[in-house]
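Read-outs: derived from the displayed coordinates by stated rules, not from any lab. On a predicted model such as this, the values are computed, not experimentally measured, just so you know. Cβ sites come from the backbone with ideal geometry, for glycine too, and all protein chains shown count toward neighbours.
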Amino acid sequence: MRDIKRVILHCSATRDGHHIKAAQIREWHLARGWRDIGYHYVIGIDGVIEAGRSIDQIGAHVKGHNRDSIGICYIGGLDNQGNPRDTLTPKQRDSITRLCYALQVILDTKLELYGHNEFSTKACPSFDVAVTFEELKFNLNCYSRTFRQQRPPQALECTKHSARIDCVCGNRERCC
């Protein structure tokens, strides 16, 4: 696994209310000659999180800063005239927050949160990440306990099996 230290937020630079999917962004990136979509996750207007590149692969979302980062792109970022504007929906904001927390737990490391505009002269993601996600940035930065220390022993995870409910390991006959 890569040594991931940062999450970098992007926008798709599409007009407010114009819903596209990760597949369309993938087509745009392939047309540029890239080998795949540059982002690891794409968040639709409705808050649905779509997978892009696998997180174990280096992204193609911020020149010079891809090796240790995960790229998240939300759909939007432009007003109806095509000017940069914060078009984050409440569902997108919630999904970004939940995804960042999940990534931190999965990767079991402290993550820093940035906007693409902190590494380039672009407006992307069309808002100030430090202001919009102030609490999230703080909480990600404070992460110190490892996920493994917080998890119960494997035997406790499988207690559903004794209640004749499918065990987390998927085996009803012999647990883990």
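For this structure, a couple of remarks:
- Rounded to the nearest Hz, the phi-derived 3J(HN,Hα) couplings of the range 45-60 under the Karplus curve 6.51 cos²θ - 1.76 cosθ + 1.60 (θ = phi - 60°) are 4, 7, x, 5, 9, 10, 6, x, 5, 5, 5, 7, 9, 5, x, 9, where x marks glycine and proline.
- Gyration tensor (alpha-carbon) shape descriptor, the range 28-142, a/c threshold 1.5: rounded
- Environment charge of ILE75, counting only residues whose C-beta is closer than 12 Å and scoring Lys/Arg +1, Asp/Glu -1: 0
- ³J(HN,Hα) computed for each position of the range 16-24 - Karplus, 6.51 cos²θ - 1.76 cosθ + 1.60, integer Hz, glycine/proline x: 3, x, 8, 8, 10, 10, 4, 4, 5
- For LYS110, a cut-off of 13 angstrom between C-alpha atoms picks up these aspartates and glutamates, skipping any fewer than 8 places away in its own chain: ASP3, ASP68.
- Surrounding net charge for ALA130, when Lys and Arg each add one and Asp and Glu each subtract one, Cβ distance under 15 Å: -3
- If the chain linking VAL48 and ASN141 were pulled fully straight, counting 0.36 nm for each residue of separation and taking away their Cα-Cα distance, it would gain 31.0 nm.
- Close amide H pairs (under 5 Å, H built 1.01 Å from N) link HIS10 with ILE72, CYS73, TYR74, residues at least 5 positions away or on another chain.
- The distance separating the Cα centre of the range 41-70 from that of the range 18-38 comes to 12 Å.
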